[in-house]
Amino acid sequence: MHMVTVVLSGPQSTALSADVLDILWVVASFEHGVEHLHVNRPETGGLGHLTFFIKATTQERAVALAHAVTCRALENSPALSGWCLAPGRL
């Protein structure tokens, strides 16, 4: 089991959607290995922390899976509009 934290940055005036955990689970359901997700949401803007617990053969594979799930969620969910991967944080 590997733990991977993905950091999102967003607009200072917008809170990370309360539905982010549900959105991630929908996307993660298409992948094998994601066992648990935890989200630390800022109240308004700033950085959001997505923590994945993933069964994978290597840490690198776990990081790649967390990155793929997060990117698909960001690309396909209007609720996450304006949010992106924080540069240099994955």
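The values are calculated or read from the model by the stated rules, or taken from the named source; none is laboratory data. These numbers come from a predicted model, not from an experiment. Methodologically, a virtual Cβ is constructed for each residue, glycine included, from the backbone with ideal geometry; neighbour enumeration extends over all protein chains shown. Keep in mind that these areas ignore ligands, DNA and RNA; they rest on the heavy atoms of the full protein, side chains included. Shrake-Rupley method; radii C 1.70, N 1.55, O 1.52, S 1.80 Å.
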When the chain is fully extended, how far beyond the present Cα-Cα distance does TRP25 get from MET1, taking 0.36 nm per residue of separation? 6.9 nm
With a Förster distance of 25 angstrom and the Cβ-Cβ distance between CYS84 and ARG61, calculated FRET efficiency to the nearest 0.05 equals 0.60
Any idea what angle helix 59-76 forms with the longest principal axis of the chain, computed on alpha-carbon atoms, 0 to 90 degrees, nearest 10? 40 degrees
Accessible area in square angstrom per residue, the chain, 1.4 angstrom probe: 56 Å²
How many nm separate the modelled label positions at HIS38 and THR14, each set 7 Å beyond the Cα in the direction of the Cβ? 2.7 nm
Counting only DSSP loop positions in the range 20-56, the chymotrypsin sites (Phe, Trp or Tyr not before Pro) whose Cβ has at most 13 other Cβ atoms within 10 Å are PHE30
Taking all protein chains in place and a 1.4 Å probe, what share, in percent, of the accessible surface of the chain do carbon and sulfur account for? 55 percent
The chain: most fluctuating residue of HIS67, HIS49, HIS32 per GNM, C-alpha cutoff 10 Å: HIS32
